[in-house]
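In what follows, a single structure is set out as structure tokens and then discussed.
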Amino acid sequence: MDLRDRVAGLMGRVRPELAELVDIRSVADPRQFPPEECARAAQWVVDAFAGVGFADARLAEMADGSQAVLGSRRCPDPDAATVLLYAHYDVQPPLNEAEWRTPPFELTEVGGRWYGRGTADCKSNILMHLTALRALGDEVPVNLKLVVEGSEETTGALEGFVPGHADLLRADAILVCDAGNAAVGYPAVTVSLRGVVDVIVRVEALASELHSGLFGGAAPDALAALVAMLATLRDARGNTTVPGLDNTQVWPGAAYPPETFRVDAGVLDGVSLLGDGTVSDMVWSRPVVTILGIDCPPVVGSAPAITPRASARLNLRVPPGTRTGDAAYQAIAAAMEEAYHRPMVTLGDGGSIPLCNVFADTYPDAELILMGVEEPLALIHAPNESVDPAEIASMALTEALFLQRYAALRG
Ligand SMILES: [Zn+2]
């Protein structure tokens, strides 16, 4: 039986197992959900991976008290490459339960998709790993390591764990399975995540508030100065204009159609998008500064007075370059094309996964591949999250083919 048939034959296990996992309310926030829920999910993951050859599957406590699942599985070939498989078992809270059309913690099929919190982000990626390994059986031609973290959506404590335990997770290739395809049936890897830094700017000009009539005109106005500074961060067309940051890069991969972006972002009719570049240039290749908050007198209760001090919190996102073209990248491109009968495209991601920066810093020689089942229709982090089971099957096949091809390219 070929791998595709084996994966198809295994899909009957995926739904009940995913339903078990979705049923566990593993929100990593003890103020909202009992920590026992995360503990149950962690143990579920330990047991499941022990069942696919990770004999040492175990829990490791992180600094925030959450438990990551670790494990390893050796291949008989002493020269075999090592691949680290990543996912997370914690989920976002359901948010407004009234907006859910199905119970958030109960896998429910509607129109061929499986709904429920965590169905896509990231519990189906756990099932994807399991299904790929079950399909390969004893024929996994690489060494495997596993980390499934339990506080990705909250503290991201694994970031603090990795540098101090570098040998434990060291690998030649890392499959960061917390991303998704360009659309259902259109395979993609994410190759660029923007780095992030927050800055607080404070302006102080006066000892205290001054009457705007008696002193206004000559007295320095801290709020006006802050507003003037913030206005220099962008030009009139919305391009970010920070000296030293290139704002002309062009995104080389798949386009992000403006009409899709308008819908995804909820841009109101009649409002223009920002910047001189295409949408993909602006969100995946260029820097952006966002004003997150301003401390100044609120409108209600404000007095006719000059503001003596004001501050703003700014969020800067800068695009890094991501290495592509080495063995893991070639192997995943070939695996995706074989699984989907369509060529792989590369996507950017305007957000940032800080863990990827930690992996890149800790393992500068490792190749990072971001992929998974979280395509745009999955509505991750929103009410009515869902997954397309066909994506789980195709991505599990992709992962199994990847492991074979990567071993062959390295061998
Ligand atoms: Zn996630």
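The values are calculated or read from the model by the stated rules, or taken from the named source; none is laboratory data. Here the structure is a predicted model, which is why all the values come from computation and not from measurement. Cβ sites come from the backbone with ideal geometry, for glycine too, and all protein chains shown count toward neighbours. Surface areas here come from the heavy atoms of the whole protein model, side chains and all, with no ligands, DNA or RNA. Shrake-Rupley method; radii C 1.70, N 1.55, O 1.52, S 1.80 Å.
Listing for the model above:
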| item | result |
| --- | --- |
| From 215, 161, residue being over 17 Å from the mean Cα position of the chain (by Cα), closer than 30 Å to residue 410 by Cβ and among the hydrophobic types (A, V, I, L, M, F, W, C) | 161 |
| Strands (runs of 3 or more DSSP E) wholly inside the stretch 55-125 containing at least 2 residues that are modelled with pLDDT of 95 or more and within 16 Å of the ligand (Cβ to nearest atom) | 67-73, 82-88 |
| Selection count where residues are within 12 Å of the ligand (Cβ to nearest atom) and either of a type in the set (Asp, Glu) or out of contact with any Asp or Glu (no Cβ under 8 Å at 6 or more places or on another chain) (or both), scope the stretch 142-155 | 4 |
| Meets criteria (among the polar types (S, T, N, Q), within 16 Å of the ligand (Cβ to nearest atom) and farther than 22 Å from residue 288 by Cβ) for residue 394 | no |
| Criterion violated by residue 139 - all others in (1) away from the ligand (no atom under 12 Å from the Cβ); (2) charged (D, E, K, R); (3) outside any loop (DSSP other than H, G, I, E, B) satisfied | (3) |
| Unmet requirement for residue 60, which otherwise passes all of (1) more than 25 Å from the chain's Cα centre (by Cα); (2) closer than 27 Å to residue 358 by Cα; (3) open to solvent by 10 Å² or more (accessible area, probe 1.4 Å) | (1) |
| Neighbours by Cβ (under 7 Å, 6+ apart or cross-chain): first from the stretch 37-53, under 17 Å from residue 19 (Cα atoms); second open to solvent by 10 Å² or more (accessible area, probe 1.4 Å) and hydroxyl-bearing (Ser, Thr, Tyr) | 38/66 |
| Enumeration of residues in the stretch 216-240 that are in a loop (DSSP other than H, G, I, E, B), in contact with a strand residue (DSSP E or B) (Cβ under 6 Å, 6 or more places away or on another chain) and either of a type in the set (Val, Ile, Thr) or open to solvent by 80 Å² or more (accessible area, probe 1.4 Å) (or both) | none |
| Subset of the stretch 190-211 [open to solvent by less than 50 Å² (accessible area, probe 1.4 Å) and away from the ligand (no atom under 16 Å from the Cβ)] | 191, 192, 194, 195, 201, 203, 205, 206, 210 |
